[in-house]
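Okay, structure first, notes after.
Readers should treat all values here as calculations from the given coordinates under stated rules, not as data from a laboratory. This is a predicted model, so every value here is computed, not measured. Cβ: placed from backbone, ideal geometry, glycine included. Neighbour counts: every protein chain shown.
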Amino acid sequence: DTAVSQTPKYLVTQMGNDKSIKCEQNLGHDTMYWYKQDSKKFLKIMFSYNNKELIINETVPNRFSPKSPDKAHLNLHINSLELGDSAVYFCASSPETYTEKLFFGSGTQLSVL
Amino acid sequence: RKEVEQDPGPFNVPEGATVAFNCTYSNSASQSFFWYRQDCRKEPKLLMSVYSSGNEDGRFTAQLNRASQYISLLIRDSKLSDSATYLCVVVPRGSGAGSYQLTFGKGTKLSVIP
């Protein structure tokens, strides 16, 4: 009964490829997020959705496109992968937008070769 | 100056020791403060909030010093299971939807040694 699940756990791919990471939460939360944790360990927000509507879109390349088919899912699609995209990507959800209580998925380790 | 700065460590302490971490933040208008814990190769999890008056949760004590713009986490009677990276989190003051954004520090790594 995983609360926030994301797949795949590991993703190894070549430069230039397009890949997707899926995220689902069964907590009934309204808000979902994508965070990136790079090799220097900084955890930075990329996107936030509330009830399928985009509310935060940090400065990320437009090769990254989130898609929220419903409030329980927030997928991340990445086009034309680059070496610098290698990182751990965390999906998270929260019961409301103004909260510190984020529930993170276990992360997707993306390695671009 | 980075928004949130932490000593990366590692802090290697024996079981039973008391250890303290500090975190400094650059935005004096920051409104909320928290500590998250991240085990090796795992996701971050909320540990505790930090209030101006200081707060305690079992062996953990968090304090905020707004004048000096730092927060601290004190762990008493360290256990092996406390080994993890502790992330300082600051929420800058803002308004409007999407303004409540968590800014994470790089974390301080703690290793509790038998």
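General remarks:
- nm² value of the averaged projected area, convex hull over the Cα atoms of segment A:42-94: 3.9 nm²
- Under a model in which nothing but the beta-carbon of Lys, Arg (+1) and Asp, Glu (-1) is charged, segment A:35-113 shows a dipole of about 80 debye around its Cα centre.
- Segment A:59-91 versus segment A:1-45: alpha-carbon centroid distance in Å: 8 Å
- Solvent-free Debye scattering, log10 I(q)/I(0), computed from the Cα coordinates of chain B at q = 0.14, 0.15 Å⁻¹: -0.54, -0.62
- Cross-link check: pairs A:K9/A:K71; A:K67/B:K109; B:K42/B:K79; A:K22/B:K79; A:K19/B:K2 evaluated at a Cα-Cα cut-off of 30 Å; pairs beyond the cut-off: A:K67/B:K109; A:K22/B:K79; A:K19/B:K2.
- Selected from B:A67, B:A84, B:A29 as most flexible by GNM, with chain B as the system and alpha-carbon contacts under 10 Å: B:A67
- For chain B, the relative contact order is 37 percent, taking Cα pairs closer than 8 Å that sit 6 or more residues apart in sequence and dividing their mean separation by the residue count.
- Annotation: peptides B:54-66, A:93-105, ranked by per-residue average of other Cβ atoms within 10 Å with the highest first, follow the order A:93-105, B:54-66.
- Distances between every pair of Cα atoms in segment A:25-113, grouped in 10 Å steps from 0 to the bin holding the largest one, split as 17, 53, 26, 3 percent.
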